[in-house]
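The values are calculated or read from the model by the stated rules, or taken from the named source; none is laboratory data. Model, not experiment: these values are computed from the prediction. Cβ sites come from the backbone with ideal geometry, for glycine too, and all protein chains shown count toward neighbours. What goes into the accessible areas is simple: the full protein's heavy atoms, side chains included, and nothing from ligands, DNA or RNA. Shrake-Rupley method; radii C 1.70, N 1.55, O 1.52, S 1.80 Å.
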Amino acid sequence: MARLTLVLLLTLAMGGCASVMRSAQQGLAGQLEAGILNHDDPETVRSGLPAYLILLDGAIAKNPADRELLCTSAKLYGAFAGSLLAPGERAKLLAKRAWSYGARAACAGDARLCELQSRDFDQIEALLKDTESTDLPLLRCVGESWSGWIQANAEDWNAVAEIPKVKAMFERMLVLERDSGDGNVQLYLGVLNSLLPEAYGGKPKQAREYFEAALTRSKRRNLMVHVLYAERYARLVFEQELHDKLLNEVLAAASEAPGLTLINTLAKERAKVLLESGKDYF
Amino acid sequence: MHSLNTIFRAMGALTLSACLLAAQAQTLKIATLVPEGSGWMKEMRSAAAEVKTATAGRVELKFYPGGVMGDESTVLRKMKLGQLQGGAFAANEIAGVNPDVQIYGLPFLFANKAEADQARTKLDPMIRDGFLAKGFVVLGITGGGFANLMSTKSIATMAEVRNSKVWLPNNDRVGLMSFQEAGVSPVVLSMSDVYPSLQTGLIETAGNIPAATIAFQWHTKLKYLFDLPITYVPGFLMVEKRAFDRVSAEDQGQLRSIIGAAFVRMNELNFADDQRAKEALIKQGMQIITPSPEEAKAWREVGARAIEKMKAAGMFSAEVLQAAQSAMGKSK
């Protein structure tokens, strides 16, 4: 990573032409993302990542409309705030930054998607109808950073009120993906459909179908699918057998998987906590 | 001597059995529709931890959130059978046990939280006594906020509400008689059917507190809020008396005090929370319709007439209503 930083700093210092710089920064961002996602020690990432995030802020300052850079930064800030920090003011602050980059990426990628935060639900639904499969990376970037902000601000009604917009976005992604996805969209929809019990209009049966689809599409390698399936669905419907089976599968599985090692390591940590607290919960 | 020995032996046996009883942990299984992760469940789990510590593990509260134990009638049946010991309920859900509980939700009875708090100083003890007589111990009562009418179309007048398709929850006799007095023919649906019915247009108007409107995602369809608080929305936590009696007197005191304090806290937090939810609704584009003084007066008159009819129909005890009104300085 230090070498990558050096490459970026040198590139900046050289004051090369804009396109070369952009390309180098995007390259760095992509490699940084890969390095982080494949890391097996959350603590190293937790302590090392902030410096790189600031570096990305600097790169964005130079290239404020670089959609890919904005999306990578949104993703890394979102991952840091949502998965590596304890809930609190700092997590909220950084999730907000992730979402602001996501929203800027939307605007940079498609002028119709500017000012998303101020659109009402009907406007968002109408905008989504016009999106195509080529918009999927952008929708994913926006949807994930937006949900991360909601998650970090779950006690604020202003954030909770945005849930239907994000849900509509993932539902649209599901349509556009057809059979091509890795299960991530289904994972989000599983969580979003597990928020309310059936008596209040929630759709736990649908949530279960989404989680099952996410398991299949991720070839059961993304262990966070198991964890969220257990935590959000199995607890909602009080199915201890399913809860424990999913979590024990996580503990028995290997963490290492391309692009999933960090998240799997975190999933294992969470699975232990859930199995323990499950004894009191059920 | 022989008799003394017998007495000592008997005393020893009694002491021993008392010790065994005390050592035996009592688990009170409590069901609720409220989902895990909600503010209410967080407060209840924190109170449960406090109870466990204060009773040195002799009393445990185990929650079944999210309606996993069934609807309110199923929960009440399971409480009678001893499969559950407690439940959290809305007023209309337990009106079959103690009809006086409907008084909290009478239309326009309380103009604001201060009036409700004042009335409850007299009302709550009478309601608790009523449930106790039916074999239930009420551990906590809290106000959740005030319900407003919200609609997909502008509803500035009573005539517009009459022309709208208005939702009414199942088993809500107070709501039914109030709407009938206003000339409204409501559509009775379960809570889970409200959102799809708003989508299809089967209903256009629904009453609820702002926080629930957001939590249930109804705000994506409801665009107008008629700014006249119609009814107070209370919540109750009660346990079956036989189960409560198995807890020692000292531990009963801890339960009452800890749960009671949590409900007092929630009573304050809920109203502030609901105000924030209302502000969030406005930010989401919901339009606030302020009724004219004449409209507001007309609605309140409808409420007063409906209350008189409910009283005449014997839906609740006139004495309990009188006590609540007198506490607010509104007695006739």
query: Rounded to a whole number, what % of the accessible area of the protein assembly as shown do carbon and sulfur atoms account for, probe 1.4 Å?
result: 56 percent
message: Suppose each label sits 7 Å from its Cα in the direction of the beta carbon; what would the A:C114-A:L251 distance come out to in nanometres?
response: 5.4 nm
field: Calculated FRET value between B:D129 and A:E269, using beta carbons and R₀ = 60 Å, to 0.05
entry: 0.75
- request: Only counting protein heavy atoms at a 1.4 Å probe, give the residues of the stretch A:237-271, ordered by number, whose accessible area falls by 40 Å² or more when the other protein chains are present relative to the chain alone.
  value: A:F238
query: Antiparallel as a % of all DSSP beta bridges within the protein assembly as shown, to the nearest 5?
result: 60 percent
query: So what are the radius of gyration and Dmax for the Cα set of the stretch B:109-193, in Å?
result: 16.4, 46
Fully extended contour minus Cα-Cα distance, from B:S46 to B:S326, at 0.36 nm per residue: 97.2 nm
- request: Find the accessible area per residue for the stretch B:26-327; the probe is 1.4 Å, ligands and nucleic acids are left out, and the unit is Å².
  value: 40 Å²
- prompt: What relative contact order, as a whole-number percentage, does chain B give when Cα pairs under 8 Å and 6 or more residues apart are counted?
  reply: 25 percent
- request: Go through A:L187, A:L128, A:S73 and say which Cα lies farthest out towards the positive end of the charge dipole of chain A; charges sit on Cβ, +1 for Lys and Arg, -1 for Asp and Glu.
  value: A:S73
- line: Taking a probe of 1.4 Å and leaving out DNA, RNA and ligands, the stretch A:181-282 shows per residue an accessible area in Å² of 43 Å²
statement: On protein heavy atoms with a 1.4 Å probe, the accessible surface that disappears when A meets B, both sides summed and given to 100 Å², is 2400 Å²
query: From the phi of every residue in the stretch B:87-103, what ³J(HN,Hα) in whole Hz does the Karplus formula 6.51 cos²θ - 1.76 cosθ + 1.60 yield, where θ is phi - 60° and glycine or proline is x?
result: x, 10, 9, 8, 4, 5, 6, 10, 5, x, 7, 9, x, 4, 5, 5, 4
query: Do you know which residues of the stretch A:102-151 lose at least 50 square angstrom of accessible area in the protein assembly compared with their chain on its own, with a 1.4 angstrom probe?
result: A:F121
message: Of all beta bridges DSSP finds with both residues in chain B, what is the antiparallel percent, to the nearest 5?
response: 60 percent
task: Treat every Asp and Glu Cβ in chain B as -1 and every Lys and Arg Cβ as +1, leave all other atoms uncharged, and give the resulting dipole magnitude about the Cα centre to the nearest 20 debye.
output: 480 debye
- request: Rounded to the nearest 0.05, what FRET efficiency do A:K219 and B:A318 give with R0 = 56 Å and r taken as the Cβ-Cβ distance? Could you check?
  value: 0.25
field: Radius 15 Å from Cβ of B:T53, net charge of other residues (Lys, Arg +1; Asp, Glu -1)
entry: -2
query: Which FRET efficiency, nearest 0.05, do B:A25 and A:S47 yield, Cβ-Cβ r, R0 45 Å?
result: 0.55
query: Taking the alpha-carbon centroid of each part, what is the distance from the stretch B:112-146 to the stretch A:162-204 in angstrom?
result: 40 Å
message: Taking 0.36 nm per residue of sequence separation and subtracting the Cα-Cα distance, how much length would be gained by fully extending the chain between B:A272 and B:K311, in nm to one decimal?
response: 10.8 nm
- prompt: Could you give the length gained on full extension between B:A111 and B:L202, defined as 0.36 nm per residue of separation minus the Cα-Cα distance, in nm?
  reply: 29.7 nm
Candidate lysines for bridging to B:K330, where Cα separation is under 23 Å - those fewer than 8 sequence places away on the same chain excluded: B:K113, B:K122, B:K297, B:K309, B:K311
